[in-house]
Amino acid sequence: MMIVMKPTADEQEVAAVVQRIESVGARAHVVVGDELTIIGAIGDREHVARLDLEGAPGVERMVPILKPYKLASSQFRHGQRTVLDIAGRKLGGEHFAMIAGPCTVESREQTLETAHAVNAAGATMFRGGAYKPRTSPYAFQGLGQEGLRLLSEAKEQTGLPIVTELMDLRDLDDVLEVADVIQIGARNMQNYSLLTEVGRSGRPTLLKRGLSSTLEELLMAAEYVLKEGNESLILCERGMRTFETAYRFTLDLTAIPVLKELSHLPVVVDPSHAAGRRDLVTPLSLAAAAAGADGIIVEVHPRPEEAICDGPQALVAGEFGYYMERVQAAAAVAGKVLSETRLAA
């Protein structure tokens, strides 16, 4: 249930409604907008309905949320879209974010060279994997804590916020020391205990769609993070498994407008993992930006032919500036501007 407060409602009236919601064992999520305050009541619908909140001081009306994903639903914010501020960089609304960096942190030279290259081109955030989920148990699994240390050094030198993946709850504290955004990979989209703890951490989270997941399943996974009070959540379309074998995954561009219809959360696109091929990354990026994506997360490497992981799909660092210009132009078609605050060159 969503309780829409009057524009004139004061803090005491909001607090009184929250207290009544919690008195019946439900949870209250308060969203303060520019014009309205909205309170989401999550719990037994009949118990909340019996509170008769529609007549309470400061309450304008009550609106039932019919979707199974309550907090992720576009109804919850009454038409307002979520805009995140991550270390001074905006993502969502009119703000387009470019998240770029290597698939995996391999060495100090590779990490810092890439970080400086994408920063000079105007990237919004730096991505890099310290822990890597691999299909083969014999493949490179990442540098772990050493990788996190190198990401921290890249952030110190460039000022770029860090996006890195968390796979195991045992690594949560170490990742939290470095990550401005925690990435939950496609294989962990339905790891509900992991999602719950990330939600409790309060750290902005990028949630990738599972390899064979529906949009409703993605939004239900998002609910696990949101229900813990973490409202800083980004949805990511990264391609899904279909019968097609000409490329790695099928990028579902239709998901961009549909997710924006169903949810208030920002939507970014990962063209690198969808394509699996460098030559397809740019056209998929342009299409995603023009379709209204709030950002792109893309792989970049100074020497892709030497990359330990996913070299064939990584953009060349020296060519990243030209790629950025083209994607910015496509994003402008959808009415978006690049979010960037370069602190160091």
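The values are calculated or read from the model by the stated rules, or taken from the named source; none is laboratory data. Everything numeric in this text was worked out from a predicted model, so none of it was measured. Neighbour counts are summed over all protein chains in view; Cβ atoms, including those assigned to glycine, are modelled from backbone coordinates with ideal geometry.
From the list Glu60, Glu13, which one is in contact with a Pro (Cβ under 7 Å, 6 or more places away or on another chain) and either over 28 Å from Ala334 (Cβ atoms) or assigned by TED's automatic domain parsing to the domain that holds Gly229 (or both)?
Unique residue meeting the criteria: Glu13.
Look at the range 275-318 and say how many of its residues are under 28 Å from Gly93 (Cβ atoms), charged (D, E, K, R) and part of a helix (DSSP H, G or I).
Residues meeting the conditions: 0.
Any residue at all in the range 107-119 that's assigned to a loop (DSSP other than H, G, I, E, B), assigned by TED's automatic domain parsing to the domain that holds Glu305 and under 21 Å from Gly318 (Cβ atoms)?
yes
Exactly one of these conditions fails for Ser73: (1) in the same structural domain as Ile256 (by TED's automatic domain parsing); (2) within 23 Å of the chain's Cα centre (by Cα); (3) among the small types (Gly, Ala, Ser). Give me its number.
If we test Ser73 against (1) in the same structural domain as Ile256 (by TED's automatic domain parsing); (2) within 23 Å of the chain's Cα centre (by Cα); (3) among the small types (Gly, Ala, Ser), just (1) comes out false.
Only one residue in Thr124, Thr135, Thr111 is among the β-branched types (Val, Ile, Thr), modelled with pLDDT under 95 and within 23 Å of Pro271 (Cβ to Cβ), so which one is that?
Of the residues listed, the single one that is among the β-branched types (Val, Ile, Thr), modelled with pLDDT under 95 and within 23 Å of Pro271 (Cβ to Cβ) is Thr135.
I'm trying to understand the selection: among the residues of the range 180-209, which are out of contact with any strand residue (DSSP E or B) (no Cβ under 8 Å at 6 or more places or on another chain) and either without any contact (Cβ under 8 Å) to a residue 40 or more places away in the chain or crowded, with 20+ Cβ neighbours inside 10 Å (or both)?
Across the range 180-209, the qualifying residues are Asn188, Gln190, Tyr192, Ser193, Thr196, Glu197, Arg200, Gly202.
Looking at (1) touching a residue at least 60 places away in the same chain (Cβ under 8 Å); (2) in contact with a strand residue (DSSP E or B) (Cβ under 8 Å, 6 or more places away or on another chain); (3) surrounded by fewer than 24 Cβ atoms within 10 Å (Cβ to Cβ), which is the only condition Pro266 fails?
Every listed condition holds for Pro266 apart from (3).
Looking only at residues in the range 5-17 that are surrounded by 18 or more Cβ atoms within 10 Å (Cβ to Cβ) and not in a loop (DSSP other than H, G, I, E, B), which one is modelled with the lowest pLDDT?
From the range 5-17, those surrounded by 18 or more Cβ atoms within 10 Å (Cβ to Cβ) are 5, 9, 14, 17; that's our starting set.
Within this subset, residues satisfying the condition of being not in a loop (DSSP other than H, G, I, E, B) are 5, 14, 17.
Numbers: Met5: 87, Val14: 92, Val17: 92.
The extreme case among them is Met5.
Among the residues in the range 158-176, are any touching a His at 6+ places or on another chain (Cβ under 7 Å), in contact (Cβ under 8 Å) with a residue 40 or more places away in the chain and either more than 25 Å from Thr254 (Cα to Cα) or of a type outside the set (Gly, Ala, Ser) (or both)?
Within the range 158-176 (the criterion being touching a His at 6+ places or on another chain (Cβ under 7 Å), in contact (Cβ under 8 Å) with a residue 40 or more places away in the chain and either more than 25 Å from Thr254 (Cα to Cα) or of a type outside the set (Gly, Ala, Ser) (or both)), the answer is yes, since at least one residue qualifies.
Under 7 Å between Cβ atoms, which residue pairs at least 6 apart in sequence (or on different chains) link something in the range 218-229 that is touching a residue at least 12 places away in the same chain (Cβ under 8 Å) with a partner that is crowded, with 19+ Cβ neighbours inside 10 Å and among the aromatic types (Phe, Trp, Tyr)?
The qualifying pairs are Leu219/Tyr69; Met220/Tyr69; Ala222/Tyr69; Glu223/Tyr69.
What's the total number of residues in the range 44-60 that are in contact (Cβ under 8 Å) with a residue 24 or more places away in the chain and surrounded by 12 or more Cβ atoms within 10 Å (Cβ to Cβ)?
Total satisfying the criteria: 10.
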